[in-house]
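What follows is a short report on a single structure.
The values are calculated or read from the model by the stated rules, or taken from the named source; none is laboratory data. The model shown is predicted, which means the values in this text are computed figures rather than measured ones. No Cβ is skipped: glycine too gets one built from the backbone with ideal geometry, and neighbour counts run over all protein chains shown.
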Amino acid sequence: MEESSSSRRRNFSTMEASSSSEPPRPSSPSFSPPYSPPYSAPYSPPLLDSPPRDPNAPPRDPYRDPDSPCPPRIPYYQLVSEKRRKIECKRDQSILHSLDIQPTATSLLESNSVELLEIFINEMIQNPENKSLVQMFDSLAFHYPNSFSLKLARLLLLDPPLRIRNEVVLLLNETLAQTHRNDLHKISSGVLLKLKESILESFKIELEEVLLPLMSETVANLASRIYAYPLGGWLELLQYIVSCISLNSYDDDSVLMQRKGLMLLADLSSSNVQNGDFWKNHYRDLYENLLARFVVENPNENLQALTFNALHTMMGMAQSLGESEIGSAIFSMLLDCIGHHSNEDIVLKRVQDLGNFFPKDVVGVMNGKEERVFQVMLQIAENEVASEELRYAAVNALQELDGAKVGLMKKLIKELSYDDAQRVLKVSLYFLLGIEDDPLWFEFEMKRSVFAGLSARFKLGESLLNWLSFEGDGSMIVPMAIESLKTTYSASIDWRKRHAGMIVIAALADGQKYEVMMCFVEIEKLLIESLHDRHHRVLWAAINTLRRLTERSLLPQAHYKYHMKFLSELIAIIKSTSYPQIQVEAVLAIRLLVTNCHLESMASFGEELVIVMLELLKNEKEKIQEEAVDTLKSVAVLIPTNFRKHCNATTITLSAILFEDHSIPKKLLRAKSLECISSILLTNAFVDFNKQDAVDFMDSLMSLEGILHRRDYLVRTHILKVQLCLFEFNNRSFIMRTPPSLPTFSSTAITMQALDQFCQFLGQDIDSYIIKLMPMLVRSAQLDLDLKSNMPANDSSLFENERVQALNVLSNFAVRSSEVFSPHMPWVSKIFRRWLSCPSSETQKASVSALPNLLLSVNSGENDELKQCTLHNSIVQSLVEALHKETDDTMSISMLKTLLTCIQISAPAFTPELIKMIVDEINHILSMWSQKVIESVRAQEAGIPGTSEGESEYLPDEEIIQNAKLLITTMVEIFEDGLSQFVDDLFSTVAHLWGNDFPDRVKAIAVSIFNIIAPNFPDKLQLYHDIYTYELLKTRDNSLHAQLESARGIGICAMFGGHYFKTIVNVAISRLYSLIDNGLAITGEESRDGAMISDMAVSSLGKILEFHRENIDGPECPEVCSFLFFEKQVIQGWLNFFPLTTDLHEARNAHGLLCSMLKRKDADVLGPNKENLPQIVSILRAILLRSEELVTEETFAEIIEFLSSHDGGL
């Protein structure tokens, strides 16, 4: 049922503060922290020291005068006892505890009489302070809705006194409106059929107007439940509504009936449009009747309001009934009413109705009136005379409109004029003032305390601002906003305006990056002013804005002077403020600045940063300590030179955190401290770190893991990062043992020496720690995705990170300590295989990338050949199965690349069944790709937008096919004969791509695949020779790659085509000459590609001379070719292209072929009377100048021998 009565009007007062649910607190202290601007004094103020606290002291209260005595501490057990006493007191007051409801329910509900129910209701009216009766009726409504609603309806039909009827209707309405776990079927269909007759009859006979609105609402609730069942709707109700509204008499009885009809229609849910035939016959007449009532001047505002509410219901039905034209007319009336009505309460009601109307599917009803809606709502929102509630409702309606029609506000904001953009900005800035200095902001330990006091009004202001920032014209919006801030907001005495200024800059940084960079000088001045602000909320917002600017790399990079300036400001703020929220935000901003700043520019600040962070580690707030540790880690990694002096002090401080006897374990802080120490060890060579320290470090890691709870996902993630650091540390140390010697002064040598220390300290002990850590790693790696369903979003992300980190650590440990890892391999490999088809991309990515490491570990750690073979095959088989199911292109490419690596590692262990499985998967990939290509071609032919030629550079999934080609190449090279029994299907699948349905690029790709497999299985070539050579001889001048493959394929056919090829020798030579000419003619960036084509064609021409020379002098079918070639001309032309220098592989082949001809004293090559000898000697001499690249050792020896035997040619 739609909310239409005034009793359900939006309560704006409840929207003002987000912390309204918290208990009321005193006002925040009015004092400001002592603050000295960084440039106002020649020195930086010292960091404020916190006096040592008694660990048993109560928590500090920021609202109490610091000089007043502490309140007495309440013992823990007294608090528990008091809590239990309150629970028991509440339980005693509960009707379910103090009164056995079963006998009462029996006496009230099973009796045929309603007298006892009337007595109870009368007693409740006379004794309103008796809460037990109220609770009893609530329990009956919830637990026994069927019997209780029937009993109430019977009592109402007997027409008891008004006060009884009023309570009966209230109870009936609550029973019908209440749902049991959102189950509208809690009241059965049979009961609903009985209720609808009696309740409608009671409504008809009711004469007291004061009771009619609530009864109408009850009827509407009943109608909603009836329409939830397939009961054919409620035709009697609709007939009654139409009959009442259609009355034209104006006597008292007729007017009352008209009011009843209007009330019912207004309360009826517009989503219930069953009884379509009825509406088809009456909808338009009913609309005209209501329209006539509405346009006639009527002094009765209540009747006018009812008429309009009824029209609003009909507007909601319009689109479902195919009456969008009428709906659009009513919508226009609604906008007119909002824009011109003088009664603010009525306007507010209409605006709220509009906001409730937008979420429905009403495209046809709105009919392009979105711009008008925007202007009307903006006019209300900027009206300073209007109430807060009305202005809020107007902007909220725009937000509802944007949610209902995605992209609508984007379009409207893009088309804003300068004046309208100014109006929106003004409204946004006004709404951003909806913030209170809530004392809860000082509750540092409370989650999201920094957002305390932000009202719903403030959040709507942010929405408007984000629309402007992301969708507006930046060249217009940014200067306009900066000018408003400079003239009105930045210098205001109202801290809320200064706070709003920072929110505006932060929003612009998110959406208008280029324009913000262009105006950064002015923004920097505003930001510096706010960083000097004495109000804590403004200062926090300024630091947060600086963070946003840094995150998006909007600080000018030239000389990094802004980075240095802001670092100076932030360090001074940390030293001078006592607010932990501000300190944490400043530390986060510092870390971002350090990360984004040039290392040389940080030299002057590095040491001071370390000192400040070390002081913050002494702070009593754990969150501050955590952020300080993370920042120390960044400084240690990014500025090791500055950090060197403080390495030992840092490790001592962090060790104190690790080994302190905590009354409340600071698990996350300890995990981050471990991670920081491990990072220091990896990047600094000047750490005083001995074997005992290393042992203590590992013991701390183990003890911390032992106290973790199941949901400590973030802590485990950091522990796993530490283990990755240790792996890298040990791995580098291992590599250091057999490297080429480095100069003693080399920073690399010094760093590597430091990295080697840890491994030397522990020796083989590191393997024992890996064994101890395995249970946690395995447990974290197995975290099930199903557990995430009921998790908060943050926990879900941490859960995912923990599992991914665990998989990464297991992958690295598998290689680092394969012998220690070997006993765990069967179970660990099962975990990785399980996640190969995981719906989480990060987990899937980690699992896929780890497989080569697992296979390497099996090779080195498992001595049993049978077990080794079984593990290899099971891992690769799981990968192939996951690839077969995968639908994401990026992941499919990653799997193909990993499969290629796995084959290179494990090929000797592959069974014939696994080889066939891989070949079948390649066939599947090619087949699926061919189907997608055909669909794409058909879509282009049909003119579907986005599919026309030229809109995409690549065919569908072409990158997948390129990786599949690499896989085929590897399979052919490694398995050779082992592949022959499975290659027939592969030949057939590739040949299928030469069908008429495929575009030329697909056929060219098929040629390149054929070129891979054909030379290795020449006996299979004969079956496909004709179609193969047909595609090879095609002219494909638009693709250099296709030309290269054509030249390669002609050479393959010349070698293995046998008598099939001799009929097309002259055509092939003609095609090769064309390819040579095209290749040599290419200049510019693609000249190397052209030279590669030319070299390949020359090499293939040599193969024709070697295998089909006798078929050159004229083709058997002259009509096939218009050119006649003669052997002498072809050989002379071939020699003219030597030496080949670009495609080194083909150069070695062609040069080797030439030398083999010379070795057997080929008369055709030497020429009559050896006339080609001088040219040949010159070619061979040129080849010798680059002999390491252009010839094999065998060919080199043949060249030397030839030149030596021909007149001292060498």
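Checked against the criteria, TYR240 does not count as under 47 Å from the mean Cα position of the chain (by Cα) and closer than 18 Å to MET317 by Cβ. Inside segment 242-279, residues that are outside any helix (DSSP H, G or I) and among the β-branched types (Val, Ile, Thr) make up a count of 1. HIS340 meets the conditions (1) farther than 27 Å from LYS411 by Cα; (2) free of Cβ contacts under 8 Å to residues at least 24 places away in the same chain in every case but one. The failed one is (1).
Whether any residue in segment 1081-1089 is part of a helix (DSSP H, G or I), buried (at least 22 other Cβ atoms within 10 Å of the Cβ) and in the same structural domain as ILE1131 (by TED's automatic domain parsing) is what I want to check. No - not one qualifying residue is present in segment 1081-1089. In segment 970-986, the condition of being under 38 Å from the mean Cα position of the chain (by Cα), in a helix (DSSP H, G or I) and surrounded by fewer than 19 Cβ atoms within 10 Å (Cβ to Cβ) is met by at least one residue. Answer yes or no as to whether ARG1148 is modelled with pLDDT of 85 or more, more than 24 Å from ALA1081 (Cβ to Cβ) and either loosely packed, with under 14 Cβ neighbours inside 10 Å or outside the structural domain of ALA1081 (by TED's automatic domain parsing) (or both). The answer is no for ARG1148. Tell me, please, whether a residue that is out of contact with any helix residue (DSSP H, G or I) (no Cβ under 7 Å at 6 or more places or on another chain) and at pLDDT below 80 can be found in segment 1088-1103. Scanning segment 1088-1103 turns up no residue that is out of contact with any helix residue (DSSP H, G or I) (no Cβ under 7 Å at 6 or more places or on another chain) and at pLDDT below 80. For LYS1128, the requirement of being basic (Lys, Arg), touching a helix residue (DSSP H, G or I) at 6+ places or on another chain (Cβ under 8 Å) and modelled with pLDDT of 85 or more is not met.
The set of residues from segment 155-168 being assigned to a helix (DSSP H, G or I) and buried (at least 17 other Cβ atoms within 10 Å of the Cβ) comprises LEU155, LEU156, ILE164, ARG165, ASN166, GLU167, VAL168. Taking the options TYR287, TYR283, name whichever one is under 22 Å from ILE226 (Cα atoms), in a helix (DSSP H, G or I) and at pLDDT 85 or above. Of TYR287, TYR283, the one residue that is under 22 Å from ILE226 (Cα atoms), in a helix (DSSP H, G or I) and at pLDDT 85 or above is TYR283.
Out of ALA1054, ALA1047, one residue alone is under 27 Å from GLN1129 (Cα atoms), over 49 Å from the mean Cα position of the chain (by Cα), of a type in the set (A, V, I, L, M, F, W, C) and part of a helix (DSSP H, G or I). It is ALA1054.
This table checks each residue for (1) free of Cβ contacts under 8 Å to residues at least 60 places away in the same chain; (2) touching a strand residue (DSSP E or B) at 6+ places or on another chain (Cβ under 9 Å).
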{"residue": "GLN422", "(1), (2)": "yes, no"}
{"residue": "ARG448", "(1), (2)": "yes, no"}
{"residue": "LEU460", "(1), (2)": "no, no"}
{"residue": "GLY474", "(1), (2)": "yes, no"}
{"residue": "GLU483", "(1), (2)": "yes, no"}
{"residue": "THR487", "(1), (2)": "yes, no"}
{"residue": "ALA500", "(1), (2)": "no, yes"}
{"residue": "GLN512", "(1), (2)": "yes, no"}
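Any residue at all in segment 662-677 that is more than 29 Å from VAL450 (Cβ to Cβ), modelled with pLDDT of 70 or more, under 35 Å from the mean Cα position of the chain (by Cα) and surrounded by 17 or more Cβ atoms within 10 Å (Cβ to Cβ)? Yes, the conditions are met somewhere in segment 662-677.
Matching residues to (1) at pLDDT 80 or above; (2) among the charged types (D, E, K, R); (3) touching a Gly at 6+ places or on another chain (Cβ under 8 Å):
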{"position": "LEU79", "(1), (2), (3)": "no, no, no"}
{"position": "ARG85", "(1), (2), (3)": "no, yes, no"}
{"position": "ILE95", "(1), (2), (3)": "no, no, no"}
{"position": "SER113", "(1), (2), (3)": "yes, no, no"}
{"position": "ASN122", "(1), (2), (3)": "yes, no, no"}
{"position": "VAL134", "(1), (2), (3)": "yes, no, no"}
{"position": "ASN146", "(1), (2), (3)": "yes, no, no"}
{"position": "ARG154", "(1), (2), (3)": "yes, yes, no"}
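The number of residues in segment 987-999 being under 38 Å from the mean Cα position of the chain (by Cα) and of a type in the set (Asp, Glu) comes to 0.
So, LEU172, is that one buried (at least 22 other Cβ atoms within 10 Å of the Cβ) and on the phi < 0 side of the Ramachandran plot or not? Criteria met by LEU172.
Residues that are surrounded by 16 or more Cβ atoms within 10 Å (Cβ to Cβ) and within 35 Å of the chain's Cα centre (by Cα) number at least 3 in the following helices (runs of 4 or more DSSP H) confined to segment 306-422: 344-357, 370-381, 388-404, 408-414. Remark: pairs (first residue in segment 917-942, in the same structural domain as ALA1006 (by TED's automatic domain parsing) and over 17 Å from LYS1003 (Cβ atoms); second residue of a type in the set (Ser, Thr, Tyr) and part of a helix (DSSP H, G or I); Cβ separation under 6 Å; 6+ apart in sequence or on different chains) are absent. Scoring PRO230 on the criteria (1) more than 30 Å from PRO145 (Cα to Cα); (2) out of contact with any Asp or Glu (no Cβ under 9 Å at 6 or more places or on another chain); (3) without any contact (Cβ under 8 Å) to a residue 60 or more places away in the chain leaves a single failure, condition (1).
Condition test on ASP1019, is it part of a helix (DSSP H, G or I) and assigned by TED's automatic domain parsing to the domain that holds ILE974? Yes.
Among the residues making up segment 811-840, those that are under 22 Å from MET891 (Cβ atoms) and not hydrophobic (A, V, I, L, M, F, W, C) are SER811, ASN812, SER829, LYS830, ARG833, ARG834, SER837, PRO839, SER840.
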